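Notes to accompany the following structure.
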Amino acid sequence: MRDPASLLTSQRVAIVAALAGLVVVCWLYLLDEARQMAAMDPDMVMPPKGAADLLLLLAMWWVMMIGMMLPSAAPMILTFAAINHGRRTRGQPYTPTALFTAGYLLAWGGFSVAVTLAQWALEQASLLAPMAMKTTSPLLGGLLFIAAGLYQLSPPKSACLTSCRSPLVFVMNHWRDGADGALRMGMAHGLYCLGCCWILMALLFAVGAMNLIWVAALTAVVLIEKLFPAGDWFARIGGLLLFAWGVRLVLNL
């Protein structure tokens, strides 16, 4: 019979492998989508989006959010798994870590619904180019950067980032037993994560949702904010830079 420490190590390896595999699949999907869009005529007139088009757009956004956000959620997921493993060795109820992860992804699924509807509304108002998935209004783009900069410096951002940077504290304070409890914990963490990063994701409307260089850069920003020792200061400095860039864009109109 394997000792508990060995079992925990094997579990951690399996979880990291599963998360990494899912992230890789998401990025391969995004690369293929970007390749297909780059091959299209940028001046092509797109017909109005129907229900099927919106569902495909929703899938694209959700896959993108998973690929961008799941790496930064790994420490929280591993912390949940470790505490859950300890409870199991003491004969207490055990809940699969997949349910916690599913709750987290569901929270970002809700955001994906919102951003899909926002994109549809912006296209209807001729404020977003359907092919580039980028705003056609320099003013709107500048205001998005200004809003992102201000939010990076705000108390809600700081509170949500603190929660995301403290996996053990979050899991201990939000622990709920059972499958339903694990799902709700994952969703709660997802909501904190949303509160931390939603405005950074909205910047994709300013730079182009299929601009994978920006997608990768924002993914790196989220990772640094959440996982690095000075991530909170990095968020504040980044906020100042985003605000300054937004002001520059607006003044140059």
>> If I ask for residues that are without any contact (Cβ under 8 Å) to a residue 60 or more places away in the chain, open to solvent by less than 40 Å² (accessible area, probe 1.4 Å) and within 30 Å of ARG236 (Cβ to Cβ), which ones from segment 112-167 would you list?
In response: SER112, SER137, SER154, CYS160, SER163, SER166
> Could you count how many residues in segment 168-191 are within 13 Å of the chain's Cα centre (by Cα) and open to solvent by 80 Å² or more (accessible area, probe 1.4 Å)?
Replying inline: 1
> Exactly one of (1) under 26 Å from LEU106 (Cα atoms); (2) over 14 Å from the mean Cα position of the chain (by Cα); (3) open to solvent by 10 Å² or more (accessible area, probe 1.4 Å); (4) of a type in the set (Val, Ile, Thr) is unmet by VAL250. Its number?
Replying inline: (1)
> What tally of residues in segment 89-130 results from selecting those that are outside any helix (DSSP H, G or I) and not charged (D, E, K, R)?
Replying inline: 12
>> It is to be established whether one or more residues within segment 228-245 are surrounded by 17 or more Cβ atoms within 10 Å (Cβ to Cβ) and among the β-branched types (Val, Ile, Thr).
In response: no
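The values are calculated or read from the model by the stated rules, or taken from the named source; none is laboratory data. None of the values given here were measured: they were computed from a predicted structure. When we count neighbours, we look across all protein chains shown, and the Cβ atoms used for this are built from the backbone with ideal geometry, even at glycine. Accessible surface areas use protein heavy atoms only, side chains included; no ligands, DNA or RNA. Shrake-Rupley method; radii C 1.70, N 1.55, O 1.52, S 1.80 Å.
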